[in-house]
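Undergrad: Please see the structure below; I have some questions.
The values are calculated or read from the model by the stated rules, or taken from the named source; none is laboratory data. Remember, predicted model here, so these are calculated numbers, not experimental data. Using ideal geometry, Cβ is built from the backbone for each residue, glycine included, and neighbour counts are taken over all protein chains shown.
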Amino acid sequence: MKRNIKNSLSNLTWPWWFPYPSSWLRTFILIPIAFPLNALILFGTIGILVSVSQRDLIILTIATIAAIILPTIILSFIYHIGWYKWQPQASPKTRAGWLPKGNSLWQGFTATLVMIFSFTTLFTLLLSFILLGCKLSSIPETGQDVAECASRSLGQVAGAIARQTTHVWNLEGEGVFLQQREQIDVRPWLLLWVIIAAYFYQGEYGIRKSLIPFLQKKRQKRRKINRQKQQSTPNIDPLDTELARLRGDMGLTAVRRNSDPLEPRVQAGRTPMRRRLLPLFGLSVAAFIGAISLYFGWQYLLQPQPTAAPIPAIQTSPTVPIPPPKPFSEAVKAATQAAQLAQTAKTPSEWQLVAQQWQIAANSMKSVPSNSAQFNLARQKAMEYEKNLQYAKANAAKGR
C-alpha cells in the first residue's frame, strides 16, 4: 500500500511556478526552530552590510560568524538529532553519531540562507510601502525628510519583528501568534514571509534536482571516456616497434605519437597524478582566501581616519533675515541647528547664537501661508519655538 501511495504521488502533475509541498513543509519547520535565532541572524546580516560599506574586516568576521556560521551549526544539530540520526544507514552495522554530517549540514546551511534572503526580501517589500506612506504624508517636503521618515519607520518595524520572532510562542501580544478571544491569529507579515521562504526553498530544490544530476552525469561521462582510453590498446605493428627502437638507437626521433607503445602507460598514471594535485589545489584555495583577507586588512589599515567636520560659522546679525520661499523647511533646519548648539552651549555668547536660531525658526514657521497644508502644524511649532527662544534668552542672561 505504501508503494502504491508513493507511485500515485509521483504520477501527480504539479505546476513548476508553485512551490512543492516539501517546500511548504520545510518553511513551516523553520518557524519553531529558526525563528528564535532570527535576532542573531538579522544582527549579523546588518553587520555584514555595514562592514562591506566601511571596509572593516573585524566587523565582517564577527558578523559572518553571527549571521551564518553559528546559526548553521545550531540548525545542523537540530536537523541531525531530530531527523537524520534516526534514519536507516547504508550498512546495518554502522551507526549515526551525534555530530551532523552531509545532509544535516546542508539543511542547516540552507535554512540559514533562506532566513537571510527571505527576511531581506520581506524588509525590501515593506520598505517600498513605507516610502510610499512617507511620500504621501503632509509633513515631509524634501527627499531628506522622506529618507529620515522611511529609515525611522523601517527600524521600528524591523525591531518589532525581531522581538516577535524571538518570542515565537508568546500569545500575550509579544510573539508571532496572537490569541484573540477563542481563536489564535497570526501577524500579517508572517503570511508574506511564508510565501517568500517557500519560493526560496523551491529554488533550492530545483537547483539540487537539476544541477547536481547534470554534474554527476558529466562526471560519469568523463570517467567513462577515461576508462575507455585506459582499456583501449593501440594496434602496434611489430615492424614499427622495431624501426622505432632502431631509430632511437641511432638518435633519430621520427616515431609518431599514435604508434608509441608507452602511451597506455602514461594514460594509466593520470588518476594518481590527480590525487597528488588535490593537496596543491587545497593549498591554492587557502592561499587565495588568505590573500583576499590580507588585502582587505591592509586596506583597512591604510584608510584615513575620519575627522569631524568643522561647524560652519554662524553670522551674528541683529536683524532677522526674510524667510525664503519654503519657510517650513528652513524653520526645521534652523530648529535642528539650534537644538544641536544648545547641547554644547555654556557661555552667554553661545546661548545668544542658540536664541538667534530659535528666533529664525519661529519667524519662519509664522510665515507659512494660510493656504498651505502645513499651516496648522506650523502654528504649533511656532509656539514651541517661542518657548525654546525664551529659555535660550534666559540662559544667556544668567551667564552675564
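Undergrad: So, residue 125, is that one assigned by TED's automatic domain parsing to the domain that holds residue 194, surrounded by fewer than 16 Cβ atoms within 10 Å (Cβ to Cβ), closer than 19 Å to residue 189 by Cα and in contact (Cβ under 8 Å) with a residue 60 or more places away in the chain or not?
TA: yes
Undergrad: Would you list the helices (runs of 4 or more DSSP H) that sit entirely within the range 1-60 and hold 2 or more residues that are at pLDDT below 85?
TA: 2-10, 38-54
Undergrad: Related question: Please find, among 161, 212, 184, 196, the residue that is within 28 Å of residue 38 (Cβ to Cβ), exposed (fewer than 12 other Cβ atoms within 10 Å of the Cβ) and of a type in the set (Val, Ile, Thr).
TA: Just a single option satisfies the conditions, and that option is 184.
Undergrad: With (1) assigned to a helix (DSSP H, G or I); (2) closer than 27 Å to residue 67 by Cα; (3) among the aliphatic types (A, V, I, L, M); (4) assigned by TED's automatic domain parsing to the domain that holds residue 31 as the list, and residue 211 as the residue in question, which single condition is left unmet?
TA: Among (1) assigned to a helix (DSSP H, G or I); (2) closer than 27 Å to residue 67 by Cα; (3) among the aliphatic types (A, V, I, L, M); (4) assigned by TED's automatic domain parsing to the domain that holds residue 31, residue 211 violates only (4).
Undergrad: Something else now. When you check residue 353 against the structure, is it in a helix (DSSP H, G or I), at pLDDT 85 or above and either farther than 27 Å from residue 397 by Cα or in the same structural domain as residue 137 (by TED's automatic domain parsing) (or both), yes or no?
TA: Taking the combined requirement at face value, the residue does not satisfy it.
Undergrad: Take the residues in the range 356-383 that are farther than 26 Å from residue 396 by Cα and touching a residue at least 40 places away in the same chain (Cβ under 8 Å), then tell me which one is surrounded by the fewest Cβ atoms within 10 Å (Cβ to Cβ).
TA: Looking at residues that are farther than 26 Å from residue 396 by Cα and touching a residue at least 40 places away in the same chain (Cβ under 8 Å), I get 373.
Undergrad: Please tell me if residue 151 is under 24 Å from residue 49 (Cβ atoms), modelled with pLDDT under 85 and under 22 Å from the mean Cα position of the chain (by Cα).
TA: Yes.
Undergrad: List pairs: first residue in the range 187-199 and touching a residue at least 40 places away in the same chain (Cβ under 8 Å), second residue of a type in the set (Gly, Ala, Ser) and surrounded by 15 or more Cβ atoms within 10 Å (Cβ to Cβ) anywhere in the structure, Cβ distance under 7 angstrom, at least six positions apart or on different chains.
TA: Filtered contacts from the range 187-199: 193/118; 196/118; 197/118; 198/23.
Undergrad: How do the pairs read when you match residues in the range 44-58 that are in contact (Cβ under 8 Å) with a residue 60 or more places away in the chain with residues anywhere that are of a type outside the set (S, T, N, Q), using Cβ under 6 Å and keeping only pairs 6 or more apart or on different chains?
TA: Final answer for the pair search is 45/67; 45/116; 55/300; 57/296; 57/297; 57/300.
Residue-wise test of (1) β-branched (Val, Ile, Thr); (2) closer than 20 Å to residue 117 by Cβ.
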position	(1), (2)
148	no, no
153	no, no
157	yes, yes
160	no, no
179	no, no
184	yes, no
203	no, yes
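Undergrad: Given the condition closer than 19 Å to residue 395 by Cβ, at pLDDT 85 or above and over 41 Å from the mean Cα position of the chain (by Cα), answer yes or no: does some residue in the range 333-345 qualify?
TA: No, that holds for no residue.
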